[in-house]
Amino acid sequence: MFAVWERVAAWLARTHMTLANCATLNGQASARLLRHDSNFYHQWIRRAQEFVRHRDKSTDKSATREIDFIAEDYDWVVQRLLTLPMTVIHGEFFASNVLLDQLETEALRVCPVDWEMAAYGPGLVDLAALTSGN
C-alpha cells in the first residue's frame, strides 16, 4: 500500500509543476485563489494561540506555554516556507480527499476531491498533508 501512496506523491509533484507553469502564465487565475502568504500563515498561529488561551483559562496553562514555544520560531518557519516554489495547491491534500483507481494498464488514476481550499502557495503544503496521519 505504501508504494501506491508513493505514486500519488509523484503524481502530486508532476501536477504542482504543471500548475506552477499555468499560474505563472495566467496570473489572473491564481489571483482568484486563496494565497498562502505570510499573512495567511501568521493568521493561523494567532488563531491557534487564541484558541489555546481560551481553552486553558482554568487549567495549568501547559498548552499555552507549548503553543507560545512554537510561535517563537514561527516567523523563521514561515519565511523558509515562502522561499519554496509557489504553485496552485489543493490546500487539504489529505489521503481522505484522494480517490484512487488502479486501471488494468497499471496506470494509477488519482482524483483529488474537495477543492474548496485550493490556493496559490508552496507545494510542500500538499505533500505535508498527504504524509500526515496513518
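With a Förster radius of 22 Å applied to the C-beta separation of A48 and T83, the computed FRET efficiency comes to 0.45. Value of Rg to Rh for the chain, rounded to two decimals, is 1.05; Kirkwood radius and Rg both from alpha-carbon coordinates. Within the chain, the longest run free of exposed loop sites, counting GluC sites (Glu not before Pro) that sit outside DSSP helix and strand states (H, G, I, E, B) and have at most 12 other Cβ atoms within 10 Å, spans 1-103.
In nm, what is the difference between 0.36 nm times the number of residues separating R32 and A128 and their Cα-Cα distance? All intermediate terms of the calculation are to be shown ahead of the outcome.
Values: separation 96, 0.36 × 96 = 34.56 nm, distance 2.35 nm.
32.2 nm is the gain from fully extending R32 to A128.
At 0.36 nm per residue, minus the direct Cα-Cα distance, what do D73 and M1 gain on full extension? Give it in nm, one decimal, please. Present the calculation step by step, with values, prior to reporting the outcome.
Details: separation 72, 0.36 × 72 = 25.92 nm, distance 3.57 nm.
Taking 0.36 nm per residue and subtracting the Cα distance, the gain is 22.3 nm.
Against the chain, whose longest principal axis comes from its Cα atoms, helix 38-55 is set at around 50 degrees.
Give me the percent relative contact order of region 50-117, please, defined on Cα pairs under 8 angstrom at least 6 residues apart. Display every interim value, and only then the final one.
Values: 36 pairs, mean separation 13.8, N = 68.
This gives 20 percent for region 50-117.
For region 74-90, take each phi angle, set θ = phi - 60°, evaluate the Karplus expression 6.51 cos²θ - 1.76 cosθ + 1.60, and give the result in whole Hz per residue in order, putting x for glycine and proline. Each residue's phi maps through the Karplus curve to give 5, 4, 4, 5, 4, 4, 5, 4, 7, 7, 6, x, 9, 7, 7, 10, 5 Hz.
Could you give me D for region 38-81, from Stokes-Einstein at 20 °C and 1.002 mPa s, where the hydrodynamic radius is the Kirkwood radius over C-alpha pairs? Units µm² s⁻¹, please. Mind showing how you got there, number by number?
Values: Rh = 10.9 Å.
This corresponds to a translational diffusion coefficient of 197 µm²/s.
The magnitude of the dipole of the chain, with charges of +1 and -1 set on the Cβ of Lys/Arg and Asp/Glu and taken from the Cα centre, is near 320 debye.
Label-to-label distance for F40 and W11 is 2.3 nm, based on points extended 7 Å past Cα in the beta-carbon direction.
Values quoted throughout were computed directly from the atomic coordinates according to the rules given, and no laboratory measurement underlies them. Please read these numbers as outputs of a predicted model, since none were measured by experiment. Please note: Cβ atoms are built from the backbone with ideal geometry, for glycine as well, and neighbour counts cover all protein chains shown.
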